[in-house]
Amino acid sequence: QAEQALFFAKAQGRDNVQSHGDMHGTGRAFRDFELASRLDRAIRQKLLGVHYQPVVDARTGAVVGVEALARWRDEKYGQVGPDRFIPLAEQLGLIRELGDLMLEQSLAWFSQLVRGGADLKLSINVSNRQQATADFAGSLLERVRRHGLRPGQVKLEITESIAMEGVASASGLLRTLSEQGFALSIDDFGTGFSSLSQLHVLPVDELKIDRSFVRRLRTREGRAIVKAIVDMAHQLDLVLVAEGVEDAETAEALRELGVEMLQGYYFSRPLAPEECARFLLPERACASGM
Ligand code: C2E
Ligand code: MG
Ligand code: MG
Ligand code: MG
């Protein structure tokens, strides 16, 4: 495929620059190319999976949502992280297919959970290029309804950079999604260069404070930064979620600062679908195929 050839050329070019005269450069380029073609096949054969990480209410500890996280286990390379394969799928022009696959799996799983009595929101990560695909909003709405769900049960996590890339062009789509009833969240907040006042023109409901800030909460400075984010966000009527909460002290500090929702290894790692269903609906010990 032309896109793959282009990818290979780029990968090679990059390695040639980086490892001038180094024998391993070609090997690395080949590995990149092989990984790309294996990913291509995995997406087409629908071999990717989804894990789910609970999001809890900071005050009560009750699970209020789950975030869908893409997983790919390759036979040769083992577990490959989404930070690696999502950008690769974008370069290969396969992000639409990957996104659709993720949506199908997570909506099917989630609708079963809802039918089992769970009252939660499903968060889905949407990448820049995925969002830019034709009729993203229309096809998403159709899919959600087809699974018997309402848009209000689904939250879309958008990175700060997309939101800001062109506030003008992004806001059209975000407005449509918001009018359709989807909740919108800015993921990894604080890692980009946007200001809250800029973000405020977008129809966003929630900010997810990036893990890098959460990690620095133990220091006086780190705490001051998080406090400033929380206070400003609250003045703009935004709800806050903290990601990467790994211990009780951090959870407590965030609760004291007024962060509404918490997510992280302290509460739960991302779980396989059936494991997560068991976690959420313990009384129904793993209903059919969940
Ligand atoms: P994200 O949306 O910010 O997701 C949070 C990441 O932090 C996840 O990594 C999660 O496993 C990890 N994490 C959760 N709690 C903790 C914690 O307490 N400590 C630490 N150190 N890490 C924690 P993961 O699953 O590797 O995903 C990485 C990124 O890949 C995601 O970041 C998201 O941007 C992207 N991604 C994942 N699935 C999808 C997808 O289906 N579509 C798109 N477009 N992007 C996805
Ligand atoms: Mg996310
Ligand atoms: Mg995040
Ligand atoms: Mg993050």
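Using the alpha-carbon atoms, what tilt in degrees (0 to 90, nearest 10) does helix 82-91 show relative to the longest principal axis of the chain? Roughly 60 degrees between the two axes. State, as an integer percentage, the relative contact order of the chain based on alpha-carbon contacts under 8 Å between residues 6 or more apart. 17 percent.
Placing pseudo-labels 7 Å out from each Cα toward the beta carbon at residue 234 and residue 115 gives an inter-label distance of 4.1 nm. Computed from the C-beta positions of residue 146 and residue 195, the FRET efficiency with R₀ = 35 Å rounds to 0.35. The P(r) of the range 57-104 has a tail past 17 Å containing 49 percent of all C-alpha pairs. Taking Cα atoms only, the orientation of helix 220-235 departs from the longest principal axis of the chain by about 70 degrees.
Using the 1.4 Å probe convention, the accessible area of the chain works out to 50 Å² per residue with neighbouring protein chains retained.
List the lysines whose alpha-carbon lies under 29 Å from that of residue 155, not counting same-chain residues fewer than 8 positions away? Within the straight-line limit of under 29 Å, residue 155 reaches these lysines: 46, 121, 208, 227.
Ligands, DNA and RNA left out, the accessible area of the chain computed with a 1.4 Å probe is 51% carbon and sulfur. A crude spin-label estimate for the pair residue 265 and residue 218, with each label 7 Å from Cα along the Cβ direction, gives 1.3 nm. Against the main long axis of the alpha-carbon atoms of the chain, helix 24-44 sits at an angle near 60°. Shape summary: the chain maps onto an equivalent ellipsoid whose semi-axes, from the alpha-carbon gyration tensor, are 31, 24, 21 Å in decreasing order.
The values are calculated or read from the model by the stated rules, or taken from the named source; none is laboratory data. As the structure is a prediction and not an experimental result, all values here were calculated from the model. Neighbour counts run over all protein chains shown; Cβ positions are idealised from the backbone, glycine included. Surface accessibility is based on the protein's heavy atoms, side chains included, excluding ligands, DNA and RNA. Shrake-Rupley method; radii C 1.70, N 1.55, O 1.52, S 1.80 Å.
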